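Taken together, the values in this text are just the output of simple stated rules run on the coordinates, not laboratory data. Model, not experiment: these values are computed from the prediction. Methodologically, a virtual Cβ is constructed for each residue, glycine included, from the backbone with ideal geometry; neighbour enumeration extends over all protein chains shown.
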Amino acid sequence: MPQIVITGASGVLGSAVYNAFQSYGKESVIGLAHSRPASHLIQLDLLDGDRVEDLVNRLSIGDGDWIIHCAAERRPDIAEKDTQRCLNLNVSVPANLARLSALRRFTIIHISTDYVFDGTSPPYSPNDETNPLQFYGRTKRDGERAGLRTAGSKFIVIRVPIL
């Protein structure tokens, strides 16, 4: 049975994704949370790359398994105030997950945003040129690029409107 790991499982999107998989009941679902961990979630700071790798190894996440990466700094105003933390969370974390994907062969679904576009020519297709207008959108675009450019990773991007 494949394992499904949801990052950001205590957030708006992550909790909805986690609950949907839980109600389906055919996969082993593991939720990760940092700032608001609940008893049914594993507390993990995704910014600690060593701990993330340890967890991936301990859970034997590999070929056939999935990480749905919902964790991010999703608030543009907060991203502008704490730029380094936003860069770490929105760019470095996806890059690390992609590196681990290449090593362990699991698939990542990386949740991104339509803020990677400038809004002048919707609707957008997956291959349209990005042109983010603010820092938040640039970090999400750069996180996409970091994952997609990691040789050997199985990295899928899904762009959703801001939550």
Charge context of Gly14, other residues only, Cβ under 11 angstrom, K/R +1, D/E -1: +2
Sort the range 81-163 into rounded, prolate or oblate with this rule: let a ≥ b ≥ c be the square roots of the eigenvalues of the Cα gyration tensor; rounded if a/c is under 1.5, and if a/c is not under 1.5, prolate when a/b is larger than b/c, oblate otherwise. oblate
With springs only between Cα atoms under 10 Å, which of Arg145, Arg99, Arg58 fluctuates most in a Gaussian network model of the chain? Arg58
Please give me the summed charge of the neighbours of Met1: other residues whose Cβ is under 15 Å from its Cβ, Lys and Arg +1, Asp and Glu -1. -2
Can you run phi through the Karplus equation (6.51, -1.76, 1.60; θ = phi - 60°) for the range 29-41 and list ³J(HN,Hα) in whole Hz, with x for Gly and Pro? 10, 10, x, 10, 8, 10, 7, 9, x, 9, 4, 8, 10
Is the C-alpha gyration tensor of the range 1-112 telling us rounded, prolate or oblate? Criteria: a/c under 1.5 is rounded; beyond that, a/b larger than b/c is prolate, otherwise oblate. oblate
Helix-derived mean residue ellipticity, 222 nm - over the chain, DSSP H n ≥ 4, -39500 (n - 2.57), to 500: -11000 deg cm²/dmol
Using unit Cβ charges (K, R positive; D, E negative) and no other charged atoms, how large, in debye to the nearest 20, is the dipole of the range 17-76 about its Cα centre? 360
Chain lengthening between Val160 and Thr107 when straightened (0.36 nm per residue, less Cα-Cα): 17.2 nm
What is the sum of charges around Tyr124, taking Lys and Arg as +1, Asp and Glu as -1, for the other residues whose C-beta is under 12 Å from the C-beta of Tyr124? -3
Straight-line reach from Lys26: which lysines have a Cα under 24 Å away, not including same-chain ones fewer than 8 places off? Lys154
Where does helix 49-58 land angle-wise versus the long Cα axis of the chain, in degrees 0 to 90, nearest 10? 40
Tilt, helix 12-24 to longest principal axis of the chain (alpha-carbon atoms), in degrees rounded to tens, equals 40
